[in-house]
1. I'm a student and want to see the number: the projected area of the Cα convex hull of the chain, averaged over all directions, in nm².
2. Of the candidates Asp298, Asp76, Asp232, which one comes out as most mobile in a Gaussian network treatment of the chain with C-alpha springs shorter than 10 Å?
3. From the phi angles alone, apply the Karplus equation (6.51, -1.76, 1.60; θ = phi - 60°) to region 207-215 and give each ³J(HN,Hα) in whole Hz, x where the residue is Gly or Pro.
4. Given contacts defined as C-alpha pairs under 8 Å and at least six residues apart, what's the relative contact order of region 166-278, whole-number percent?
5. Given a Förster distance of 41 angstrom, what is the FRET efficiency for Arg15 paired with Asn219, based on the Cβ-Cβ distance and rounded to 0.05?
6. May I ask what percent, to the nearest 5, of DSSP beta bridges between residues of the chain are antiparallel?
7. Any chance you could run the full-extension gain for Glu33 through Gln315? It's 0.36 nm times the residue separation minus the Cα-Cα distance, nm to one decimal.
8. GNM, the chain, Cα, under 10 Å: largest mean-square fluctuation among Cys301, Cys292, Cys96?
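The values are calculated or read from the model by the stated rules, or taken from the named source; none is laboratory data. Everything numeric here is computed off the predicted structure, so don't read it as measured data. With ideal geometry, Cβ positions are generated from the backbone for all residues, glycine too; neighbour counts draw on all protein chains shown. When the accessible area is computed, the model is the full protein with side chains, heavy atoms only, and any ligands, DNA or RNA have been set aside. Shrake-Rupley method; radii C 1.70, N 1.55, O 1.52, S 1.80 Å.
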Amino acid sequence: MTVTVPTHRLYTGARIPMIGLGTFGSDHADPIEVACAVRGAYEVGYRHFDCAAVYGNEPEVGKVFRELFCAAVQRDDLWVTSKVWNDMHGRIEEACRQSLADLQLPYVDLYLVHWPFPNGHPAACAVDSRCGDARPYIHDEFMKTWRQMERLVELGLTRHIGTSNMTIPKLRLLLHDARIKPAVNEMEVHPHFQQTELVEYLRANGILAVGYCPLGSPNRPGRDRSPADSVDMEDPVILEIALKHGIHPAGICLKWAVQRGVVPIPMSTKQENYLANLEAICGDPLDREEMCRIAAIDRNCRLVKGQVFLWKPGQRWEDLWDMDGEITPP
Ligand SMILES: NC(=O)c1ccc[n+]([C@@H]2O[C@H](COP(=O)([O-])OP(=O)(O)OC[C@H]3O[C@@H](n4cnc5c(N)ncnc54)[C@H](OP(=O)(O)O)[C@@H]3O)[C@@H](O)[C@H]2O)c1
C-alpha cells in the first residue's frame, strides 16, 4: 500500500512533501543500507529525501534514483535536497555538480548551505573538541557563498536554495542582502528542543522550517551526546499521548511537528519504522490540548551542539548559538 503524503506550499509556489526521509544514520551507517531504505521508502510513499555530500552515501542513493527513473518514475515526482559541506563554501557550483553527478540527477529541488561556518570536516577533530581550522560566521564571506547559491538557481542546477543551522540574527542579515530568499531553513526541532522563536521568525518571513532529529536522534554520533541530554520518546507526556492514539511515541513527535508547520525528516532503515512514521502524519491529528501539553515539555535540549565549529579556545558550545552579538548589523 502506498500512502499519499500532504504537501506544504513554499513561497515560490512549489509544493514540498510534509515528511522526508533523512539519510544520515550515523558516522558509521552503511551507505548500501541507507540506499535500500530510500528505495523501500519510495515504495511506501515517501517522495522527499534529505541528502548531503557529507553523509558519504550520495552515490549509493543516486543508484536508487537511477533505478526509479528507469522504472518510469518522473523526476518531478521526487523532492531531493542536498547540501554543500563547509570546506566547499568557495566552490559551490563544483560541490553542487558533484552531488548531482553522485545522485544521478539533472537538478536538485533544494540545495542548502549545511552550516554557516566555513571550515573542515568534523572527523578531523576529536569528540568534544573544536576543529583546528574553524572560523566564525563572517557575513561578507557568507554573502559570497550565497551569491554562488543564487547562481545555481539561474543555472538550473537547483530549484530552491536554503540554509541550515542558522540563527535569527544571521537570517536577518541574509534576508537584507539576498537576491533570492532562502525557501527553507533546516534546523534541529523535536519536543524537547522546540526553537519556537526561530520557527515563528521563519513563518513570519515565508521560510519553511525543516526539522532534523525530529525523534531526538536516538542513534546520533558520540560527539553529539552529553549526560544532560533528555530522551523525547521517553517523555511521559509523549508516552501518554502515544498510548491514547495507539501508536509509537515517534509518531506523536512527527504529528506534533507537522501540525506546527515544521516538515520533519526522520531517518530509519527499518521498513516498519519508516512506514509507521509516514502513516502517523497521515493519521488522526493531535487535538488542541495534546498540542498544548507537548508545547509545555520543551527543555531547550539541543543535541547537535556544533562544538567542532568553535573558533576560539575556551569557547563553550552554547557560545556558538549565542555569539550573534558579535555580528555587525547592516
Ligand atoms: N542539517 C543538518 O545539520 C542535519 C543535522 C542532523 C541531521 N540531519 C538530517 O536529519 C535526519 C534525521 O535526523 P537523525 O537521523 O539524526 O534523527 P531522528 O530522525 O530523530 O532519529 C533517527 C533514529 O530514530 C530511529 N527511528 C526512526 N523511526 C522510528 C520509529 N518509528 N520507532 C522507533 N525508532 C525510530 C531510527 O532507528 P532505526 O533505523 O532503527 O529505525 C534512527 O536511529 C538525518 O538523517 C539527516 O538527513 C540534518
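1. Mean projected area of the Cα convex hull: 15.9 nm².
2. Asp76
3. Using θ = phi - 60°, the values come out as 10, 7, 8, 9, x, 9, 6, x, 9 Hz.
4. Relative CO of region 166-278 lands at 25 percent.
5. Computed FRET efficiency for Arg15 and Asn219: 0.85.
6. Working: 4 of 29 bridges.
Just about 15 percent of them are antiparallel.
7. Here the answer is 97.8 nm.
8. Checking each option, the largest mean-square fluctuation is seen for Cys292.
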